[in-house]
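Computed from the coordinates by the stated procedures, all read-outs in this text should not be read as laboratory data. Note that the structure is predicted; figures quoted are calculated from it, not measured. In this analysis, Cβ positions are derived from the backbone assuming ideal geometry, glycine residues included, and neighbour counts consider all displayed protein chains.
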């Protein structure tokens, strides 16, 4: 009989979500907007200490709106972190703009400030500075946010902080998602909290977020009939899904602590192997960073491990019905972006070739970890 599935990052429901969904049905408030939406937005604002929040249908929708609000148009340049999921870059293409991909630095695996500075210097000399910089907090790990914000400010280029995976992460006293002109979060099914599908756009400018709300609601004018002077989008979150979000926000702190505890379990486990000469690297928190550790990720370099390849762990876990996943394939290596410019050092390509995301759900049990570690022991010992 096949063993039960251990997922990479399964949804983890609390006690409030069903109650809020039931309330929406009982009041017949199934239409897209309603009191749950307002409450969910307020909870997000308070959770990350930001003035404005807008909940929408996905993190991708939030990022698309952010680019529009910063007036990105066809043939404009947008600098984007290369080591990320494609949703960070796709909205650039939606607008006909031109991505320029920036490689990662070795510790946080996020955008390399030195490469960014070089790219901005080069484009400034040409008189073609980008309209925006999309910075990602990968796997919940805060990027070198203050350093990058300082560089971007010198060149007068606004930052969109893609904190899709980093709700609850901090740099110093400030939360991820709040370091740029605009920030985005994702509430997809595998994120640290979920609304099934959904996202949020956050910022400090009332005018920008109100404009985003208008565009996300089909750009309908405030008149009795349907009047439109702009192209709009059907991007608003429903009252039902926002009810799930309310319940999830109530347990956000616990979910972050659970994910960080998962990381410590893996770190402790691999430390015993490191002491035997088997080298495993982890994504590192920079000074003052506090990561939600959404996913625990490892890197195993075959050059220092008797030609052991991380694919062996992936395949061995799969045989035991345990899900893992390779690290993101960098955008500059994706066929769809093969003709776009890149500032690369090879860091993200190295991470993609030798890295793996381990099961990291906040609902993992001690029995789950026993299965995972027993499987890892067998794989590594066999080699």
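A few remarks follow.
- Over all distinct Cα-Cα pairs of the stretch 185-248, the Kirkwood formula returns a hydrodynamic radius of 13.1 Å.
- Cut-off 13 Å (backbone N to label point 7 Å along Cα→Cβ of residue 234), residues of the stretch 188-224: 217-219
- Normalising by residue count, the stretch 1-126 has a Cα convex hull of 216 Å³ per residue.
- The ranking of 294, 273, 109 by Cβ neighbour count inside 10 Å, starting from the fewest, reads 273, 109, 294.
- In the chain, helices alone account for a calculated mean residue ellipticity at 222 nm of -11500 deg cm²/dmol, with every DSSP H run of four or more residues adding -39,500 (n - 2.57).
- Volume per residue for the stretch 142-284 equals 161 cubic angstrom (convex hull of Cα atoms).
- Cβ-based exposure ranking for 282, 179, 187, in which fewest neighbours within 10 Å come first: 282, 179, 187
- At 1.002 mPa s and 20 °C, Stokes D of the chain from Kirkwood alpha-carbon radius, µm² per second: 99
- The modelled label-to-label distance for the pair residue 261/residue 18, using points 7 Å beyond Cα in the direction of Cβ, is 2.3 nm.
- Between residue 1 and residue 285, the C-beta separation translates, for a Förster distance of 51 Å, into a calculated FRET efficiency of about 0.80.
- At full extension, residue 250 and residue 71 could sit 60.9 nm farther apart than now, given 0.36 nm per residue minus the alpha carbon distance.
- Take the Cα of residue 174, go 7 Å toward its beta carbon, and the backbone nitrogen atoms of the stretch 133-158 under 17 Å from that spot belong to 133-138, 141-158.
- Model label points for residue 315 and residue 350, set 7 angstrom from Cα along the Cα-to-Cβ axis, are 2.6 nm apart.
- Estimated distance in nm for a label pair at residue 382 and residue 25, the labels positioned 7 Å out from Cα along Cα-to-Cβ: 4.6
- Counting DSSP beta bridges with both ends in the chain, the antiparallel % (nearest 5): 55
- By the count of neighbouring beta-carbon atoms within 10 Å, fewest first, 235, 226 end up ordered 226, 235.
- Just so you know, the averaged projected area of the alpha carbon convex hull for the stretch 253-382 sits at 9.9 nm².
- Where Rh is the Kirkwood radius over Cα pairs, Rg/Rh for the stretch 77-146: 0.96
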